[in-house]
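Only one structure is covered here, and it is reproduced in the block below.
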Amino acid sequence: MNKTTFEFKAEIKQLLNILVHSLYTNKEIFLRELISNASDASDKLRFNQIKGMEIENSNLELEIKISADKKKNILRIRDFGIGMTVDEIIENIGTIAKSGTGEFLKILSESKENVSNLIGKFGVGFYSVFMVAEKVIVKSKSYKIGEKAVIWESDGLGSYTLSEMEDNFERGTEVEIFLKEEEKDFTEDYRLENIIKTHSNFISFPIKLGEKQINTVSALWREPKSSIKKEQYDEFFKSFTYDSEPPMEVIHTSVDAPIQFTSLLFIPKKNFDFFGYNRDNYGLDLYVRRVLIQHQNKELLPEYLSFVKGIVESEDIPLNISRETLQQNIIFNKISSSVTTTVLSHLMKMAKDRAEEYEVFWKEHGRVFTLGYGDYANQEKWLDLYRFNSSFNENEKQLTSFERYVARMKEGQKEIYYIFGQSREAVETAAQTEIFKKKGIEIIYLFDPLDEFAINSVRKYKEFEIKSVDQADLSKLEKFTDEKLDDKKTEELSKDEKLQLSSLFEKMKEILGDKVTAVKESKRLSDSPVVLLNPDDSISATMQKIMQISQNDKSIPKRIMEVNPDHILVRNLLKVYKANNNDPYISDVTNQLYQGALLLEGYLHDPHQLVKNINKMLEKSSSWYTQINSL
């Protein structure tokens, strides 16, 4: 056949014009498309071999060869697959009548996405080569016996030529790309190798750059779990993540119905600094028929499982699908839901059967996992997997769960109590916890503001309300028998002293003014003289503080001051009040107690007055002490 010239259809000309004259950041996508085409051609050839069909050059090895001529600025991609006849070339390359090019152009004109994210969706993947090419020559010979080799040639400007080859071209297809001058880096081995490893590393046929095979790592997730050794998983994980250590956990699943997909997931031993400089380095790689569709897809798993690394592959997702369409794809959403369930189920089994190992996991990845409080579809599982320190534990390193907390609850206890603080020492000495210690009621200890926010958002575990200790209903606590006996018995106040005490509280409120909403007797204190409480029991003190920080509000909220009537300091203050209800000592002590309580709550922004008052009172007490000792 002599060389014959054909005109492209109008929409193809428009497409080529866009590709040639527009600039795109991810031009390397053309190589992914051509390798994907070569892999498909090899797959089809192998399928025909299995069917027993007669094959041209049947002894040829199925592989993909890539070579570059730096002097001539030419790149070649060669496969030994099914090849094409003249009619097939016209159908597959010359017209792409089935590709829906018009729809592609419409979406492209309306989309703000990079074209590389849309390019393969409508069957125009081959044409991406014109982003880098001045001219393209395709040589192809069909697997069918007796068919001649064909040459397709085009500069992408509106027409192409077809002719038959007379030389001994073997079965398959070769794409010869005459690169634009500014694209000559695509002849560099390092550049080509990087593109292949990024996009086509798990193609099932050998991809050779010169004599070197690039895709040496097998698609391990496609192998049956029973045939894979731990060492293979470890090696794959290290090559995939560049981690120096083997993974903590391996989750390998294959699902056939209702949607077919395979996943190979890993939980690293160390976190990847999600909250630091490496925050966006998460997501699973999505493959379709061994071709990487999206690196670090962030929709396959929710953010609180972002510590999971790995691969998901499905045959049911269209091979070339845009990111925009991917997020709306029903199949993709079902896969995402199933992968999330798989990870949570693995963690549940781990927590149940290997509790100590699960605690190691929690200490490494627990802060990220805490973000899952908002996953309402899986909130019950999240609550069972959540871990914390509590008053039941002997030290701050030990952990417990809601399930274990509930198992230890007192008979008739309907609420779970927690407290937030900077350290275990801080929460153990907090005045709000005294009644709980007295009653022997366990308290959850939280040391991270994120934990406080998460627990306050959840509010319930099964049928039990979760409440901050400063929101506790004292009437529900007083019904429990005291377990901690008070070894410092205080003398009962007389009727008159009780009246005087009420007057003292009024005096203290007068001294503090608008700083507090009320001063009243406390039934929750046993060791501390006073405590400040939030008058609004719908929000904990810590949450109030978090909200103030977010609003850049530095004001000190008005609180209720509860006073312990049995504390020796309060009893002595009562004696001073009875002797002289305007004694300045009452004002000094009242302000000191208030500022000390603010300090413990984290609201005392300026400690100078507090220190000044302490020094003043120490000066007085030292004079009293020396006078007493001199007698």
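Read the figures in this text as sums done on the coordinates, not as results from a lab. Predicted model only: the values in this text are computed from it and were never measured. Glycine also receives a Cβ, built like all others from the backbone with ideal geometry; neighbour counts cover every protein chain displayed.
Within the stretch 286-394, list the chymotrypsin sites (Phe, Trp or Tyr not before Pro) lying in a DSSP loop whose Cβ has at most 14 other Cβ atoms in a 10 Å radius.
Passing sites in the stretch 286-394 are PHE392.
Which residue, chosen from SER58, PHE436, LEU344, occupies the Cα position most advanced towards the positive end of the dipole of the chain, where the dipole is computed from +1 (Lys, Arg) and -1 (Asp, Glu) charges on Cβ about the Cα centre?
In the chain, that residue is PHE436.
With θ set to phi - 60° and the Karplus curve 6.51 cos²θ - 1.76 cosθ + 1.60, what are the ³J(HN,Hα) couplings of the stretch 411-425 in order, to the nearest whole Hz, using x for Gly and Pro?
Ordered by residue, 3J(HN,Hα) equals 4, x, 6, 10, 10, 9, 10, 9, 9, 10, x, 6, 7, 5, 4 Hz.
Nearest 10 degrees is fine. How inclined is helix 449-458 to the longest principal axis of the chain, computing both from alpha carbons?
Tilt of helix 449-458: around 90 degrees.
As a test, work out the antiparallel percent of DSSP beta bridges whose residues both lie in the chain, rounded to the nearest 5.
Counting only bridges with both partners in the chain, antiparallel ones make up about 75 percent.
In degrees, nearest 10, range 0 to 90: what is the angle between the Cα axis of helix 230-241 and the longest Cα principal axis of the chain?
90 degrees
Give the angle, between 0 and 90 degrees and rounded to the nearest 10, that separates the Cα long axis of helix 355-369 from the longest principal axis of the Cα atoms of the chain.
Taking Cα atoms only, the helix is inclined about 80 degrees.
If the cut-off is a Cα-Cα distance under 23 Å, which lysines reach LYS230, setting aside same-chain residues fewer than 8 apart in sequence?
LYS238, LYS269, LYS270, LYS309, LYS349, LYS352
I'd like the FRET efficiency for ASN552 and GLU211, computed as 1/(1 + (r/R0)^6) with the beta carbon distance as r and R0 of 51 Å, rounded to 0.05.
0.20
Stokes-Einstein D for the stretch 220-356 at 20 °C, 1.002 mPa s, Kirkwood Rh over Cα pairs, in µm²/s?
Approximately 138 µm²/s, per Stokes-Einstein.
Subtract the Cα-Cα distance of PHE6 and VAL406 from 0.36 nm times their separation in residues, and report this length gain in nm to one decimal.
Full extension of this stretch gives 136.2 nm more.
Here are some pairs, LYS9/LYS184; LYS27/LYS70; LYS479/LYS507; which of them have Cα atoms lying more than 22 Å apart in this structure?
Pairs exceeding the cut-off: LYS9/LYS184; LYS479/LYS507.
Out of every Cα pair in the chain, what percent are spaced more than 44 Å from each other?
Counting pairs separated by more than 44 Å, the tail of P(r) holds 46 percent.
If you place +1 on the Cβ of every Lys and Arg, -1 on the Cβ of every Asp and Glu, and leave all else neutral, what size is the dipole of the stretch 388-477 about its Cα centre, to the nearest 20 Debye?
Approximately 320 debye in magnitude.
State, to one decimal in nm, how far the label point of LYS612 lies from the label point of PHE464, with both points 7 Å from Cα in the Cβ direction.
Distance between the two pseudo-spin positions: 4.8 nm.
Under 5 Å between amide hydrogens, which residues at least 5 positions from GLU521 or on another chain qualify, with H placed 1.01 Å from N in the peptide plane?
When sequence neighbours closer than 5 places are left aside, the close amide H contacts are VAL563.
Please state the charge dipole magnitude for the chain, taken about the Cα centre, from unit charges on C-beta atoms (+1 on K and R, -1 on D and E), reported in debye and rounded to the nearest 20.
Charge dipole of the chain: 900 debye, to the nearest 20.
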